[in-house]
Ligand code: UFG
């Protein structure tokens, strides 16, 4: 197949491109390199373009006969979205409108969309099923929810088939160590902890230990990036084989949460094998962090026949550590 991966120079998109290339598909990566990296875009042909310059995505799709688009290109920092919401609505929402218009014109009718648990906001209970109300609590989450709505409306009007995959906490790195997580600035827990282990940061700060959780720190559902991209592959097969038609939504997590303290403990164990240790301090809560986010992913298991194989926390951390040492060490 021939697949377009928007945002394929970013953390998850680059892993997706590798998975697809390994499976023998032809991969084109569309990325403006604003938050992605050229060196991650190594498993596809890189087309430098910007969804907010519609002529670039039109040119990319022109005469190419793509079988599907997997859409990762979006900004994804909660704090930045509060500071600069219009950037998020313009980049994420308008970018998606332009992508869909260009797909319609080029006759590309299948889309897999990189959505997020941030569309749920503060859940009433966990684990969270796809039927839970979507009440995002920041512009990032709202922009992703709007992107879903735009896609759903486009499906109804222009006969696309599309799937939204709502990720919980993507983590870990390519099991072969070639690709991994790098953001600038970095805000995610596991990379920050591992950078502290390498001495690149003085310490990791636990954002609050007064949450209503067993040890007082936030609980998240960490899913290995390789399991995450496997789920996209499963969604792609379901779309190609007409097992999923119209528009559908799936949560992607493993259905088990770990607290910030538990994550740091596992990281301590893994880095100790290399003679490293992680200085830890406790700070105030980070605004906007829900206490607990855990996925009910049974729908993805049932409909997409997807299973997580790499997502025990120790494997996630071992792979992330191997990449971090190679990349930063
Ligand atoms: N945390 C710390 N210290 C840090 C960094 C994070 O204690 O230095 C805590 C956070 O407070 C949170 C947990 O670690 O409780 C995980 O934080 P991350 O920033 O790694 O991930 P989030 O759960 O905030 O966000 C992730 C994605 C978002 C997405 C969200 C959906 O990165 O894009 O899940 O819930 F919106």
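The values are calculated or read from the model by the stated rules, or taken from the named source; none is laboratory data. These numbers come from a predicted model, not from an experiment. Positions of Cβ are backbone-derived with ideal geometry, glycine not excepted, and every protein chain shown enters the neighbour counts.
Pick out, from the range 21-117, the strands (runs of 3 or more DSSP E) lying fully within it that include 3 or more residues that are more than 16 Å from the ligand (Cβ to nearest atom) and under 17 Å from the mean Cα position of the chain (by Cα). Walk me through it before giving the result.
On the way: elements: 26-31, 45-48, 68-71, 110-116.
Correct list: 26-31.
Read through the list (1) surrounded by fewer than 21 Cβ atoms within 10 Å (Cβ to Cβ); (2) under 22 Å from residue 115 (Cβ atoms); (3) at pLDDT 95 or above, then give the number of the only condition that residue 225 fails.
(1)
Which number in (1) buried (at least 19 other Cβ atoms within 10 Å of the Cβ); (2) away from the ligand (no atom under 16 Å from the Cβ) marks the one condition that residue 171 misses?
So the condition that residue 171 fails would be (2).
Restricting attention to the range 138-163, and to residues there that are in contact (Cβ under 8 Å) with a residue 60 or more places away in the chain and more than 14 Å from the ligand (Cβ to nearest atom), which single residue is surrounded by the most Cβ atoms within 10 Å (Cβ to Cβ)?
Residues of the range 138-163 in contact (Cβ under 8 Å) with a residue 60 or more places away in the chain: 138, 140-141, 143-144, 147-148, 151-152, 155-156, 160-163.
So of that shortlist, the ones also more than 14 Å from the ligand (Cβ to nearest atom) come out as 151-152, 155-156, 160-163.
Numbers: 151: 23, 152: 18, 155: 20, 156: 11, 160: 21, 161: 19, 162: 26, 163: 29.
The extreme case among them is 163.
Buried (at least 21 other Cβ atoms within 10 Å of the Cβ) and in contact with a strand residue (DSSP E or B) (Cβ under 9 Å, 6 or more places away or on another chain): is that true of residue 283 in this structure?
On the way: buried (at least 21 other Cβ atoms within 10 Å of the Cβ): no; in contact with a strand residue (DSSP E or B) (Cβ under 9 Å, 6 or more places away or on another chain): yes.
Spelling it out, it is not the case that residue 283 is buried (at least 21 other Cβ atoms within 10 Å of the Cβ) and in contact with a strand residue (DSSP E or B) (Cβ under 9 Å, 6 or more places away or on another chain).
Where the second residue is assigned to a loop (DSSP other than H, G, I, E, B) and more than 10 Å from the ligand (Cβ to nearest atom) and the first is touching a residue at least 24 places away in the same chain (Cβ under 8 Å) and closer than 18 Å to residue 9 by Cβ and lies in the range 175-189, which pairs have Cβ atoms under 6 Å and are six or more apart or on separate chains?
180/173
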